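Chemist: First, the structure itself, so that you have it in front of you.
The values are calculated or read from the model by the stated rules, or taken from the named source; none is laboratory data. These numbers were taken from a predicted model, which means no experiment stands behind them. Note that we place each Cβ from the backbone using ideal geometry, even for glycine, and neighbour counts take in every protein chain shown. Surface accessibility is based on the protein's heavy atoms, side chains included, excluding ligands, DNA and RNA. Shrake-Rupley method; radii C 1.70, N 1.55, O 1.52, S 1.80 Å.
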Amino acid sequence: MPNRRMSEKELLDSLDTALRDNHIYPCYQPQINHSTGRMVGAEALMRWKNPEYGMQYPSDFIPLLEKNDQLYRADVHIFETVCVFLRKCMDEGLPLMPISVNMSRYDIYKHEYVDEIESLRVKYAVPVKYLHIEVTESAAIGGMELMKDVIMRLHKHGYLVEMDDFGSGYSSLNILKDLNVDVIKLDMKFLSGDIGGRGGIILNSIVQMAKWLGTPVITEGVETMEQAEYMKSLGCNYIQGYLYSKPLEEKAFIEKIGQIEHEAMSPAMEFIKTVDAGKFWDPTSMETLIFSNLVGAAAIFTYRNGEMETLRVNKKYLREIGMNMTEKETLTIRPWDHFDEKSRQIFEDTIRRAIESGEEESCETWRNICSKSCGNDKVCIYTEMRVIGSAGDQHLIYAMVHNITNEKKLFDEVFNSERRFRFASEQANVYAWEYTVATKQMRPCFRCMRDLNLPPLLENYPEPAIEAGIFPPDYADMYRDWHRKIAAGVPHLEAVIPLTVGRIPFIVRYTTEFDENGHPLKAYGSATLVVDKESAPKPALGRRHVRLPARLRKNCAK
Ligand code: C2E
Ligand code: CA
Ligand code: CA
């Protein structure tokens, strides 16, 4: 708190002394990874403590210096003081972490800014990785080309560039993709009080966009645990604000870095070469057009050490999964909540394969989906996935999905009815088969396959059965004629035929199925043993009674 607020004139008159005697100096506000509690860096914030009048408000003197074209000098002074501090940390073996220094929007008009700070850095021999430069979004207004040029020159020297006060207005979303910044700083105050409503939606879309661009986000002005937790739920763990710490004087900051562990901020994700990250987000780009309209049901998610998060889904995805879910519902749910233990295992194994191979990998998994409008249901999803970007152990994965629940259910039904059928025919001593008129294909029942050693599909029926001796030569023509009759539309055929070389008498029946126009589609054949009341054991057809042609035997071996 200022003991006395200095007048503009007093401030301007004392500026030279303030710079020379370090009345103007940085305080350091820690930046924390909320999920680990470790420090990832700090921001240097300008303070002015007049020996006579005490602390002055940045909101008073910064705009004043700006107006009088003096902020540039103060900024360079802060940069130099930060270099001195980092040099001291190196010399005294204190923990080192990146310090973000503010660059005013007027500094970009001073062509020498980049050269000047660079020569200071070199003077103190501070590795460039410990210095980040914060530029504000508003600086780009009217000076987009200049801004691009400054960022490019900063990058050339190796400085990381942070976009300050992102979301404060202007054409934020466009700026992000045009300017090649490395970190985005979001200020809670631009979104305050409205997290559940529009603010939350804006925040969410900014965060998603940042993720798309692979840019880490630091949230500033975080005062409450609730805000921090909310940001964490969006996947933004880096927090700067009173919740963790006010800006600290150098001495207090040194104490702090001694107490708290630190870690490096995760690097931005590298998109695979063929994907242009900027275009991928741009709502008007071809990439987005393709994602939303031309590809099938698709989702993008991140995976890191067992943690999975869905970033984006297209409309077709929502339709494919069904359950009337909204995009928001889909994105906010924790993906693993959908999976039981076994499905999760299958899905994670597939992810790992995709990471290792760099190729497309696929799997089928059941998911328990609970949606607001449809309640609980189980769906079976076929997923084809491919890694499109990686940063360290974090991976960005593109997934195409197909809902195969109906196919699965049908398959289960067929499987079950087949099982019942098999069981019944076993009991009744019936052999059954299905003949398709148009294709002359025959599908035998399990029992036929087993006892007669038949393959699952026979072409040009009934020739193979005649050739195999299942239908003996003296019945061959009659049996051929039956198939002509079926094709001509005869609905029912029946005769006793001695089957196989053993000439075991069977009642052979055919029932024809017709389509809606009365054309024959299929005929269902069966052979039931003629039970002679006196004969005790029921003979079955056996392989020993059949001369199976080599062509068929080969099929069976498969
Ligand atoms: P900024 O760069 O957005 O800095 C963040 C401001 O938010 C700081 O205000 C900080 O003290 C404050 N803050 C941090 N945590 C919280 C919180 O939890 N709640 C609230 N309500 N505020 C929080 P400060 O230090 O008063 O600085 C104000 C602005 O002055 C800065 O905003 C920046 O635009 C400018 N500034 C500060 N230092 C420099 C500098 O060295 N150079 C230039 N050009 N501008 C500077
Ligand atoms: Ca700042
Ligand atoms: Ca800020």
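Chemist: Give me the one-decimal nm value for the distance between modelled label points at ASN3 and ALA264, 7 Å along each residue's Cα-to-Cβ direction.
Modeler: Once both label points are built, they end up 4.6 nm from each other.
Chemist: What's the magnitude of the charge dipole for the range 1-131 around its Cα centre, counting Lys and Arg as +1 and Asp and Glu as -1 at the beta-carbon? Answer in Debye, nearest 20.
Modeler: The calculated dipole for the range 1-131 is roughly 420 debye.
Chemist: Label ARG87 and ILE346 with points 7 Å out from Cα along Cα→Cβ: what is the distance between them in nm?
Modeler: My value for the distance between the label points is 6.4 nm.
Chemist: Here's something else I'd like to know. Per-residue HN-Hα couplings for the range 373-380, Karplus 6.51 cos²θ - 1.76 cosθ + 1.60 at θ = phi - 60°, whole Hz, x for Gly and Pro?
Modeler: Once θ is set to phi - 60°, the couplings for the range 373-380 become 8, 10, x, 8, 7, 10, 10, 9 Hz.
Chemist: Next up: Would you be so kind as to identify which of LEU15, GLN31, ASN3 lies farthest towards the positive end of the dipole of the range 1-44, taking Lys and Arg as +1 and Asp and Glu as -1 on Cβ and the Cα centre as origin?
Modeler: GLN31
Chemist: In addition: In sequence order, what are the phi-derived ³J(HN,Hα) couplings for the range 298-309 according to the Karplus relation 6.51 cos²θ - 1.76 cosθ + 1.60 with θ = phi - 60°, rounded to whole Hz, with x for glycine and proline?
Modeler: Result, rounded to whole Hz: 9, 9, 10, 9, 9, 9, 8, 6, x, 9, 10, 9.
Chemist: Report, in debye and to the nearest 20, how large the dipole of the range 300-420 comes out about its Cα centre when Lys and Arg carry +1 and Asp and Glu carry -1 on their Cβ.
Modeler: Numbers: 19 positive and 22 negative charges, 88 e Å.
It comes to approximately 420 debye.
Chemist: So if each residue of separation counts as 0.36 nm, and I subtract the Cα-Cα distance between GLU329 and ALA487, what length gain in nm does that give? Intermediate values should be presented prior to the final figure.
Modeler: Details: separation 158, 0.36 × 158 = 56.88 nm, distance 5.52 nm.
Gain in length upon complete extension: 51.4 nm.
Chemist: Further, regarding this structure: Using a Förster radius of 30 Å, what is the FRET efficiency between MET449 and THR511 based on their Cβ-Cβ separation? Nearest 0.05, please.
Modeler: 0.90
Chemist: Of all the accessible heavy-atom surface of the range 1-87, with the other protein chains kept in place and a 1.4 Å probe, what percent is carbon and sulfur?
Modeler: 49
Chemist: Would you kindly derive the ³J(HN,Hα) couplings of the range 441-453 from the backbone phi angles with the Karplus curve 6.51 cos²θ - 1.76 cosθ + 1.60 (θ = phi - 60°), listing them in order in whole Hz, with x for Gly and Pro?
Modeler: For the range 441-453, the Karplus-derived couplings read 9, 10, 10, x, 6, 4, 5, 4, 4, 6, 6, 9, 6 Hz, x marking Gly and Pro.
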